[in-house]
1. Given a cut-off of under 8 Å on Cα pairs at least six residues apart, what relative contact order in percent is computed for segment 122-281?
2. Percent of alpha carbon pairs in segment 139-240 separated by more than 19 Å?
3. How large is the charge dipole for segment 184-279, taken about the Cα centre, if only the Cβ atoms of Lys, Arg (+1) and Asp, Glu (-1) carry charge, to the nearest 20 debye?
4. Separation between the residue 189 and residue 107 pseudo-spin-labels, each 7 Å from Cα along Cα→Cβ, expressed in nm?
5. At 7 Å along Cα-to-Cβ for each site, give me the label-to-label distance between residue 208 and residue 263 in nm.
6. Taking R0 as 45 Å, what FRET efficiency do you get between residue 41 and residue 74 from their Cβ-Cβ distance, rounded to the nearest 0.05?
7. Just want the answer: with Cβ charges of +1 for Lys and Arg and -1 for Asp and Glu, which residue in 113, 149, 92 is farthest toward the dipole's positive end in segment 81-228?
8. Give me log10 I(q)/I(0) at q = 0.13, 0.19 Å⁻¹ for segment 184-279, Debye formula, one equal scatterer per alpha-carbon, no solvent.
Amino acid sequence: MKKTVTRCIALNITLLFLCACNWNKAKTAGDTLSFDTIRIDEIQPQSKYTRPDVKVSCHLDITFIYPNSYGDADKLRNLQSVFIERVFPLKYVGLPPQQAVDSFKTQYFKDFQCEKFADEDYGNLEDESDFLYYMDLKNEITYNGNGLVSFLVQNETFEGGAHGAHGVFGYVIDLNTGEYITEDAFAEVNYKKNVAEIIVRKIADANNVSDPAQLENIGYNSIDDIVPNGNFTIDEQGITYYFNEYEIAAYFIGTTKVFIPYKELEIFIADDSPIAALAKL
């Protein structure tokens, strides 16, 4: 199961230009992008575990938002594959959204039933009636307009041990090309250096630290290691960067979220970039 979860949260770029060569840049009146949602919230007990004082169960909670209307059928299938690719393991890409979710659910519970549990796994559960493996997997749309769509994928898993794992990953798609937008697509010269300074300052402000170097005293790594990481979403107001557990700080810090308004980024964004029109509104 852990292998499946790892694949689910890993940033994978193998389908970065998925079907882009067939993407028609000419937009039509029917190219309004709309979405639908598939939800799953199920608990399944493990049938083979027989310890009488502990019930071993697995909780799967999925909220999957996916494109359900956009232009012609080929464009819609391409967009659906992009969303499936970023939320689920790659083997489900190409399936219809409902089938992809159902197939993932079936495999997840199957893997759980195959897990082996030892009594020592429950040494601290004498007063507990349940032991829950769980996965909470969801995505949300942060922006849809100006030929761009941005979405965030969040997951939380627990498979025993001291604590669970969390992951947050942001994506932006240029609907004119069908390709993901990276920082290189909109950054002027020295973008990373300049924006790194903004990010560090905002993290310091959020932690009431006057000297950014003091962040290292409260759980953050060296501030020289805090730079734009390509993990971001956009909305009408600006760009939000996400730094996951252990990426720039100790585990107890959790995910670090940094919002930067466009007014602070405008001079670092190329005039001919995909987000220029949005950033300079």
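No value in this document is a laboratory result; all are computed from the given coordinates. For clarity, every value in this text was computed on a predicted model and none was experimentally measured. FYI the Cβ positions are ideal-geometry reconstructions off the backbone, even for glycines, and counts take in every protein chain you see.
1. Details: 266 pairs, mean separation 32.5, N = 160.
For segment 122-281, the relative contact order is 20 percent.
2. Numbers: 2962 of 5151 pairs.
In whole percent, the share of Cα-Cα pairs in segment 139-240 beyond 19 Å is 58.
3. Numbers: 6 positive and 16 negative charges, 37 e Å.
Approximately 180 debye in magnitude.
4. About 4.7 nm, to one decimal.
5. Between residue 208 and residue 263, the label points sit 2.6 nm apart.
6. On the way: r = 33 Å, r/R0 = 0.73.
Given R0 = 45 Å and the Cβ-Cβ separation, E is 0.85.
7. 149
8. Relative scattering, expressed as log10 I(q)/I(0), comes to -0.44, -0.89.
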